[in-house]
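Chemist: Below you will find the structure I want to go over with you.
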Amino acid sequence: MLKFFNNNVANNNVNFIWKNSINNNKQQKVRLAFMKVFDIVIKHIVFYPTSGSLSYLWGFGSLAGLMLAVQLITGIILAMHFQPSASMAFESVLRIVNDVPSGWCLRAVHANGASFFFFVVYIHMGRGLYYGSLLGPRAWVWLTGLIIFLLMMGTGFIGYCLPWGQMSLWGATVITNLLSVLIWPLDIIIVEWLWGGFTVTGITLNRFFSLHYLLPFVILALVIAHFYFLHDISSGNPQGLEPTKDLAKLPFYTYFYNKDFAGFLLLMTLFLMVVAFYPTVLGHSDNFIKANPFVTPAHIVPEWYFLPFYAILRSISNKLLGVLAMLVGAALISLLTYVTFNLWLIDTEVKRSVADLPVSKIMYWLFVANFLFLGYIGACPIEEPYYELGQISAVIFFAYWLLLPFVMAVENMIIDQYFFKAYNGTTVDPRLTRFRVTV
Ligand code: HEM
């Protein structure tokens, strides 16, 4: 098998024939183009050398890819029946569900698919944070992932506006109004430009539909970039060791196909159970009422995957600061962490992850618990004690990101300077001192 890992041989053959093709006829070129594509597929999906120690958590990337495909396919078919206008959108969704053959299924798969997509990607990101996948060589993989996540949030938000129920209209109104924190006259110009009028109307709906169709393809392109950067360096692993030629590797096929396939089966079982038996469980009852600009719902609640960020937004009474905190919470903070992790950490040679450092590990799990709690607060009304609890939770959220790089740096230093020195009686090459601390 090993000879396949280094299958440059096959690759070079194709490239060689391609470049030196004496026979310039079209058929030959087409055949060679196919060979090139086939070669890439074989190299990156079949014989891709993978660390043997990857856990099931490494299957969540493929699951995210699966959910993206599900959303693209069902979305394209739904768009054939959907009518993006204020007078027809709500009814066209009813028609899809009641009259279009298998339309109920398509709609349930697409609407719940968004939730499952976010669920899978949250775990994918959590895995990355825990095992330090955002450090050093995989930084570009993380950064492209981050842009994908932001675009997913945008796509999810505008998708929720399309059925034109009460929550669609009022959700769109609340979120687009956030732009009014910009300074005058930019606030009015940008918000009205986005709305295409003086309030959220059918015109807004139409442009949201256009963007909702476009953005998933941008995400798809970014996923290819994500994959490109990942395969350039190859996947990390739970041990945190950088794969070298000495480290045992296995071909992706059949070992990780089987492992990923187990994840596919489990996810699809859960997913299809929700689709078949509880298709509306993740939705909001107000979205079964047609959008009415004269009646505001009692509580405007976004989809569950936005709740933690929504809670951060609401915990700050100043609108501008609230919006900034939410945006920073959603994105910039990870960028900041990335910079701090990679540039400020004392020893850049050793990239010990949270999984290697006991205090950081405890902090990580507290952060996860706090993030879930923020989600709970986001769904509660803004009143005592939820408002105050939300504020405390938001402070903990930001404190984690600000403290973590320093805690990690100190822990790294202690392990390098004291633990190993005391253990070995000598200073050792930090690259050899990576070890796994279990708490
Ligand atoms: C459409 C969404 C996404 C798809 C289809 C996707 C796909 C993948 C795949 C197939 C892998 C390799 C298998 C694995 O390590 O799980 C991977 C790795 C990775 N992804 Fe994603 N991803 C997505 C979103 C994200 C997001 C939002 C982030 C973070 C902000 C992210 C960060 C990473 C990192 C850091 C790795 C490398 C992990 C390692 O090797 O240690 N991805 N992704």
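Throughout, read-outs are computed from the coordinates displayed, never taken from laboratory work. Remember, predicted model here, so these are calculated numbers, not experimental data. Every residue, glycine as well, gets a Cβ built from its backbone with ideal geometry; the counts of neighbours run over all protein chains shown.
Chemist: Using 0.36 nm times the number of residues separating Lys26 and Met268, minus their current alpha carbon distance, what extension gain do you get?
Modeler: Full extension of this stretch gives 82.8 nm more.
Chemist: If you don't mind, another one. Quick check on the exposure proxy: order Val200, Val121 from fewest to most C-beta atoms within 10 angstrom.
Modeler: Val121, Val200
Chemist: Under the Karplus relation 6.51 cos²θ - 1.76 cosθ + 1.60, θ = phi - 60°, what is the ordered set of whole-Hz ³J(HN,Hα) values for the stretch 183-194, x standing for Gly and Pro?
Modeler: Going residue by residue, I get 6, 5, x, 4, 4, 5, 4, 5, 5, 5, 5, 5 Hz, with x marking Gly and Pro.
Chemist: Moving to a separate point now. Compute the length gained on full extension between Ser53 and Ser102: take 0.36 nm times their separation in residues and subtract their Cα-Cα distance, giving the result in nm to one decimal.
Modeler: Going from the current span to full extension adds 13.4 nm.
Chemist: For the stretch 110-119, take each phi angle, set θ = phi - 60°, evaluate the Karplus expression 6.51 cos²θ - 1.76 cosθ + 1.60, and give the result in whole Hz per residue in order, putting x for glycine and proline.
Modeler: 5, 5, 7, x, 4, 5, 5, 4, 5, 4
Chemist: Which value, in debye to the nearest 20, describes the size of the charge dipole of the stretch 47-302 about its Cα centre when Lys and Arg Cβ atoms bear +1, Asp and Glu Cβ atoms bear -1, and nothing else is charged?
Modeler: In total the dipole reaches around 300 debye.
Chemist: Let me ask something additional. For a label point 7 angstrom out from the Cα of Ser210 toward its Cβ, which stretches of the stretch 143-163 have the backbone nitrogen within less than 13 Å?
Modeler: In the stretch 143-163, the label zone of Ser210 (backbone N under 13 Å from the point 7 Å along Cα→Cβ) covers no residue.
Chemist: Hey, with R₀ at 45 Å, roughly what FRET efficiency would Trp193 and Tyr418 work out to, going by the Cβ-Cβ distance, to 0.05?
Modeler: The pair Trp193/Tyr418 has a calculated efficiency of 0.15.
Chemist: Tell me, rounded to the nearest percent, the portion of alpha carbon pairs in the stretch 194-299 spaced more than 17 Å apart.
Modeler: It works out to 78 percent of all Cα pairs.
Chemist: Round to the nearest 0.05 the FRET efficiency obtained for Leu72 and Val410 when R0 = 56 Å and r is the Cβ-Cβ distance.
Modeler: 0.80
Chemist: So if R0 is 45 Å, what FRET efficiency would Tyr376 and Trp184 give, r being the distance between their Cβ atoms, rounded to the nearest 0.05?
Modeler: 0.80
Chemist: With labels modelled as points extended 7 Å from the Cα through the Cβ direction, what inter-label distance (nm, one decimal) is found for Met35 paired with Met153?
Modeler: Those two pseudo-labels are separated by 4.8 nm.
Chemist: Which order results if Leu282, Leu179 are arranged by neighbouring Cβ count within 10 Å, fewest first?
Modeler: Exposure proxy ranking, most exposed first: Leu282, Leu179.
Chemist: If amide hydrogens are placed 1.01 Å from N in the peptide plane, which non-local residues have theirs closer than 5 Å to the one on Thr50?
Modeler: Here the answer is Leu250, Phe252, since their amide H atoms fall under 5 Å of that of Thr50.
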